[in-house]
Amino acid sequence: MKKIDSNELKSLAGEVLDIEARALIELKERIDKNFFNVIKILYSCKGKIVVTGVGKAGIIGQKFSATLSSTGSSSFWVHSAEAVHGDLGRIEDDDVVFVLSYSGETEEIKNLIPFVKKIGAKIVALTGNRKSNLARYSDAFVDVRVEKEACPLGLAPTTSTTAMLAMCDVIAVCLQKMRGFKEKDFAFFHPRGSLGRKLLLKTRDIMRKGKFNPVVEENTLVKDVLVKITSAHAGAVSIVDKDGKLVGIFTDGDLRRHLGDERGILHRKIKEVMTKTPTVVYEDDLASEALKILENKKIDEVPVVDRSFRVVGMLDVQDLISAGIV
C-alpha cells in the first residue's frame, strides 16, 4: 500500500473540497426558469411527491424524500427497478414523480418513464445531461452538471452527488418556505426529537401527580405535613384552602430555615410557616416555558395549577431533565 505523507494528504483533501465547493457555487447559475418550473410543479402537486432513482443518485433521493416529508411536502421513495415490478401501483395521476439520474440515460429510468406517462403523473428531474431521455421527457428539470468529479479517476460519483444533494436541499427549503412550514409543524413530525419535546410537551405531560404530588389543607400541622412529604418522596408540598385552591408552598428549605429560629414548629399549622402566593405554572404551559420560570426564580420545584388555581401537580427540575427539556 502506497504511503501518503500528511502534507500530500492535506493537499488532496483540500483539492476535493475545492472542487466540490466550486461546483456548488456554479449551481447558483442554474436557478433559472427551469428551476422555477420544477418548484411550481412540486408546489402545485395535489398528491404525493414520488422520488425515484438508482445507485448513488437513488441514495440521495431517499434522503430528499425524507427531508420533504419532514418539512411539509408529503413524499415517498420508490426504487426505479422495483417500480416496474409492482411498485408502479403506488403512483397515481395526481402525484409528481421526481427522478434523480446524473446521466439521464440509466436503463431503469428509461424503462420507467413511459409507464409514469401512461399513469398521468408529471415528471420532474435532476440530471447532469440536458440532452438525455430523462430531460427530454420530463415536464421540467434542473441541470446539475458538474465540471469534474473529485475522484482522482473521474469515475466515482463525488462532486455530482454533492451537487444533487445540495440542489435537493434547495428545493426542499424553498417548498418549506412557500408552504409556511413553522417550528411547531416541524416539531409535530419530530415528536421524539429535542425540538419536538421543547415545542410540544406541556407541563401536564411531565408533572408529578397522584401520590407523588403531596397536597395538604392549610390548617394541617407541620409534623403531619412532613409525613406527607416523606411518603411522596418529594421536596415540597402544596397548601390549599377549604375550596382546594393553592395558597402556599412548603419546602424542605422552608423547614430548615424555621428550625433554626423557631421552637415547637412541628406542632404549628402549616399556614403559619408556609411561603404564601408561591410561583406557579399552569398545566397547559409548555414545559420549556416552565423551565425558564424555574431558572429565573432560581427554584427547584413549583406547583402546577389549572385555570381555577386548583393544584393538579408538582413540577421538579429533575422532571424536566428526565424529559429532555434541559
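The values are calculated or read from the model by the stated rules, or taken from the named source; none is laboratory data. Remember, it's a predicted structure, so these values are computed and weren't measured experimentally. All Cβ positions, even for glycine, are placed from backbone atoms using ideal geometry, and neighbour counts span all protein chains on display.
Against the test of being within 16 Å of V50 (Cα to Cα) and either surrounded by fewer than 16 Cβ atoms within 10 Å (Cβ to Cβ) or of a type in the set (A, V, I, L, M, F, W, C) (or both), the options L153, L134 yield a single qualifying residue, L134. Is one or more of the residues making up region 291-303 of a type in the set (S, T, N, Q), assigned by TED's automatic domain parsing to the domain that holds V216 and crowded, with 16+ Cβ neighbours inside 10 Å? No, region 291-303 has no match at all. For region 154-179, the set of residues classified as part of a loop (DSSP other than H, G, I, E, B) and either in contact (Cβ under 8 Å) with a residue 40 or more places away in the chain or among the polar types (S, T, N, Q) (or both) consists of P157, T158, R179, listed by residue number. Are any residues in region 39-90 charged (D, E, K, R) and assigned to a loop (DSSP other than H, G, I, E, B), and if so, which ones? Result: K46, K48. For region 91-130, a residue qualifies if it is more than 25 Å from M167 (Cβ to Cβ) and assigned to a helix (DSSP H, G or I), and the qualifying residues are P114, F115, K118, I119. V312 falls short on exactly one of the conditions (1) in contact (Cβ under 8 Å) with a residue 24 or more places away in the chain; (2) among the β-branched types (V, I, T); (3) part of a helix (DSSP H, G or I), and that condition is (3).
Working carefully through the options K33, K63, find the one that is surrounded by 14 or more Cβ atoms within 10 Å (Cβ to Cβ), among the charged types (D, E, K, R) and at pLDDT 90 or above. Among K33, K63, only K63 is surrounded by 14 or more Cβ atoms within 10 Å (Cβ to Cβ), among the charged types (D, E, K, R) and at pLDDT 90 or above.
When restricted to residues that are under 31 Å from the mean Cα position of the chain (by Cα) and without any contact (Cβ under 8 Å) to a residue 40 or more places away in the chain, region 1-28 contains 4. Among the residues of region 258-287, those that are charged (D, E, K, R) and either at pLDDT 80 or above or in contact with a Pro (Cβ under 7 Å, 6 or more places away or on another chain) (or both) comprise R268, K269, K271, E272, K276, E283, D284, D285. Residues that are surrounded by 12 or more Cβ atoms within 10 Å (Cβ to Cβ) and either aliphatic (A, V, I, L, M) or not assigned by TED's automatic domain parsing to the domain that holds E149 (or both) were ranked within region 2-16; the one that is modelled with the lowest pLDDT is L12. The set of residues in region 288-303 being among the acidic types (D, E) and assigned to a loop (DSSP other than H, G, I, E, B) consists of D300 alone. Just checking, does region 191-199 include any residue being surrounded by 13 or more Cβ atoms within 10 Å (Cβ to Cβ), in contact with a His (Cβ under 8 Å, 6 or more places away or on another chain), modelled with pLDDT under 85 and assigned to a helix (DSSP H, G or I)? For region 191-199, residues surrounded by 13 or more Cβ atoms within 10 Å (Cβ to Cβ), in contact with a His (Cβ under 8 Å, 6 or more places away or on another chain), modelled with pLDDT under 85 and assigned to a helix (DSSP H, G or I): present.
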